[in-house]
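These notes concern the structure reproduced below.
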Amino acid sequence: MAFRIVPLTRAHRGLLKTFRCQHESLNTFLERFALRHLERDLLSRTYLAVDEDARHVGGYFSLTTASVDRDQAGRIPKLDRLPRFPVPAILVARLAVDERIQGQGLGRYLFDEALGLTLLLARTGPVRFRLLVTDAIDDRAVRFYEHFGLVAITDPSPRRMVLDLQPMLSE
């Protein structure tokens, strides 16, 4: 099944209830809060992976802004030289794949799209930031994000993980 990434809009409202993953909090966010966070609260923007007929949501991710405490960021050697104030970041607030299609590469595709949008904003947007951040919901998510080079900077669950974007922005 082929998917394309589209920004969430009101037109997708009917599709949101069909999405199911193993974490109820991720299902609830998509169904009840994603549109509200976009339109009313201005907290995040959600992107959907929809099938070719736009009848099924295979997965989604939400992006927002964040900052990482300088002391936590200093656990990564290259970030230890930064000034002593919070490090600006883009947060992958949520990333989930429908349980019916897990293991087929859609999670990787969603992360690549989230990273691509983040790098585009970093290169051409009106603001600068250094990090891509996520809060891994469980150990499986930690292993997933480690595959992309994210490093854990906190121990408890959810585990805050970061990726230094500078090497990618220097290319």
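The values are calculated or read from the model by the stated rules, or taken from the named source; none is laboratory data. Keep in mind the model is a prediction, meaning the values are calculated, not measured. Don't worry about glycine lacking a Cβ; one is built from the backbone with ideal geometry, like all the others, and counts go over all protein chains shown. Heads up: the accessible areas ignore ligands, DNA and RNA and are worked out on the full protein's heavy atoms, side chains in. Shrake-Rupley method; radii C 1.70, N 1.55, O 1.52, S 1.80 Å.
Condition check ((1) farther than 21 Å from THR134 by Cα; (2) modelled with pLDDT under 95) across all residues:
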position: PHE29; (1), (2): no, no
position: VAL50; (1), (2): yes, no
position: ASP53; (1), (2): yes, yes
position: TYR60; (1), (2): no, no
position: ALA66; (1), (2): no, no
position: ASP69; (1), (2): no, yes
position: PRO77; (1), (2): no, yes
position: ASP80; (1), (2): no, yes
position: PHE85; (1), (2): no, yes
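Examine region 123-131 for a residue that is open to solvent by 60 Å² or more (accessible area, probe 1.4 Å), touching a strand residue (DSSP E or B) at 6+ places or on another chain (Cβ under 8 Å) and either among the hydrophobic types (A, V, I, L, M, F, W, C) or without any contact (Cβ under 8 Å) to a residue 60 or more places away in the chain (or both), and state whether such a residue exists.
Step one: filter region 123-131 for residues open to solvent by 60 Å² or more (accessible area, probe 1.4 Å), giving 123-124, 126-128.
Then keep just the ones that are touching a strand residue (DSSP E or B) at 6+ places or on another chain (Cβ under 8 Å); that gives 127-128.
Checking which are either among the hydrophobic types (A, V, I, L, M, F, W, C) or without any contact (Cβ under 8 Å) to a residue 60 or more places away in the chain (or both) leaves us with 127-128.
Yes, the conditions are met somewhere in region 123-131.
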message = Considering only region 115-122, I want to know if a residue exists there that is more than 18 Å from the chain's Cα centre (by Cα) and surrounded by fewer than 18 Cβ atoms within 10 Å (Cβ to Cβ).
response = no
query = For region 20-36, does any single residue satisfy the condition of being open to solvent by less than 10 Å² (accessible area, probe 1.4 Å), free of Cβ contacts under 8 Å to residues at least 60 places away in the same chain, at negative phi and of a type in the set (Ser, Thr, Tyr)?
reply = no
ask   = Got at least one residue in region 131-147 being more than 14 Å from the chain's Cα centre (by Cα), within 22 Å of LEU38 (Cβ to Cβ) and part of a loop (DSSP other than H, G, I, E, B)?
value = no
task = Sort through PRO77, PRO86 and tell me the only one that's open to solvent by 30 Å² or more (accessible area, probe 1.4 Å), farther than 24 Å from VAL6 by Cβ, free of Cβ contacts under 8 Å to residues at least 40 places away in the same chain and in contact with a strand residue (DSSP E or B) (Cβ under 8 Å, 6 or more places away or on another chain).
result = PRO86
ask   = In region 2-50, what residues are in a strand (DSSP E or B) and either out of contact with any strand residue (DSSP E or B) (no Cβ under 8 Å at 6 or more places or on another chain) or among the β-branched types (Val, Ile, Thr) (or both)?
value = ILE5, VAL6, THR46, VAL50
Subset of region 41-54 (residues that are open to solvent by 40 Å² or more (accessible area, probe 1.4 Å) and either touching a residue at least 60 places away in the same chain (Cβ under 8 Å) or within 19 Å of LEU91 (Cβ to Cβ) (or both)) = ASP41, LEU42, LEU43, ARG45
query = Of all residues in region 74-120, how many are among the small types (Gly, Ala, Ser) and closer than 17 Å to MET168 by Cβ?
reply = 3
request  = Scan region 139-167 for residues that are hydroxyl-bearing (Ser, Thr, Tyr) and open to solvent by 40 Å² or more (accessible area, probe 1.4 Å) and report the count.
outcome  = 1
note = Within region 89-106, of all residues that are under 18 Å from PHE148 (Cβ atoms) and in a loop (DSSP other than H, G, I, E, B), the one least open to solvent (accessible area, probe 1.4 Å) is GLY105
